[in-house]
1. Round to the nearest 10 and give me the degree value, 0 to 90, for the angle of helix 285-306's Cα axis relative to the longest principal axis of the chain.
2. Among G202, G241, G44, which one moves the most in a GNM of the chain with springs linking Cα atoms closer than 10 Å?
3. Counting only other residues whose beta carbon sits under 11 Å from that of D127, what net charge do I get with K and R as +1, D and E as -1?
4. By DSSP, what percent of the beta bridges with both residues in region 1-131 are antiparallel, rounded to the nearest 5?
5. What is the sum of charges, Lys and Arg at +1 and Asp and Glu at -1, for the other residues whose Cβ falls under 14 Å from the Cβ of R278?
6. Quick one: of K134/K201; K24/K114; K114/K285; K134/K279; K16/K134; K24/K134, which pairs are farther than 19 Å apart, Cα to Cα?
7. How far, in degrees from 0 to 90, does helix 29-43 lean away from the longest principal axis of the Cα atoms of the chain, to the nearest 10?
8. In the chain, what % of DSSP beta bridges are antiparallel (nearest 5)?
Amino acid sequence: MELRQLQYTLQIAEEKNFSRAADKLHIAQPSLSQQLSKLEQELGVKLFQRNTSTVELTYAGASFIAHAQKIMDAVAELRQEMDDISQLRAGRVVVGSMPITGSHLLPYVLPAFKESYPDIQVTLLEDTSLNLEKLTAGGGTDLSLLSLPLQEPSLSYVPIGEEIIDLAVPPNHPLATHPGVQERGVELAQLQEEPFIVLKKGQGFRKLTVELCRSAGFEPNVVFESNNIETVQSLVAAGMGITLVPRFIARAKRSELIPAYLPLAAPAPSRTLVIAYRKGRYLSKAAEAFIETFKATMEHRQSLYHS
């Protein structure tokens, strides 16, 4: 049994298709099939049930995959530990990030990290929160910037900060000029009749927005949806509705279409931003350093908001 055979088997199990698995592994499909047959002959069991267009794990295959993943994790851990020992500050960190949240935070985090650890390479992957959880659980990233709650039970996380949720309304909205609203905040229940502009289903902040409205006793009246929170804010600024927005993502003052941002009444809702990683996975010194840099940067950004 060879390590590459374990890798091949894990890829087939993930893709459920020989062609896609071979493409991901950058080998010819006949070679992949040959290696799997060789492994099955050695083990004396069938690992996959071949169908017309897909393959499914057998009982033996499911057991094999569970152990193979542990072995590959152990190999990766050994290699990373040896790399840390031999290269000290050198290394590589693959970081996953939600696109919009990352675009507002990483420009502060990455330069600070590069200044302190110039020899450590950071590779950035951007995707939706749901896809990032799957990537991180499967070892596709070392760390990922996400927000609670996490759906993937195989992930651990380190909290890096609380982000207040604000209300964004058109500049001419009655609430924007209502006396005392900046001091008292807006009760969510006041928004029951308002048209909402939200992110599309499958995005974490869409789910949080709906849950906050439901906790206030109403279902949001969604009139527009977008994949991009910047588009959502532009539509709000143009008078098409209102939305909830994380404070770090509030539109910069230099933008042409700027909503009015109002606080929500105490206790103001928030979301917890975290750095997530797979449970039991060895965190390299580079990964630990990245987490510490991120936490320090978040603390600094939050102090600016509160000053």
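Only the coordinates and a few stated rules stand behind these numbers; no lab work does. These numbers come from a predicted model, not from an experiment. Positions of Cβ are backbone-derived with ideal geometry, glycine not excepted, and every protein chain shown enters the neighbour counts.
1. 10
2. Of G202, G241, G44, the Gaussian network model singles out G44 as fluctuating most.
3. The answer is -1.
4. Numbers: 3 of 10 bridges.
DSSP beta bridges in region 1-131 are roughly 30 percent antiparallel.
5. Working: positive: K70, K134, K279, R281; negative: D73, E77, E133, D142, E152.
Here the count lands on -1.
6. Numbers: K134/K201 17 Å; K24/K114 31 Å; K114/K285 15 Å; K134/K279 13 Å; K16/K134 16 Å; K24/K134 17 Å.
The answer is K24/K114.
7. Compared with the principal axis, the helix lies near 60 degrees.
8. Details: 24 of 41 bridges.
Just about 60 percent of them are antiparallel.
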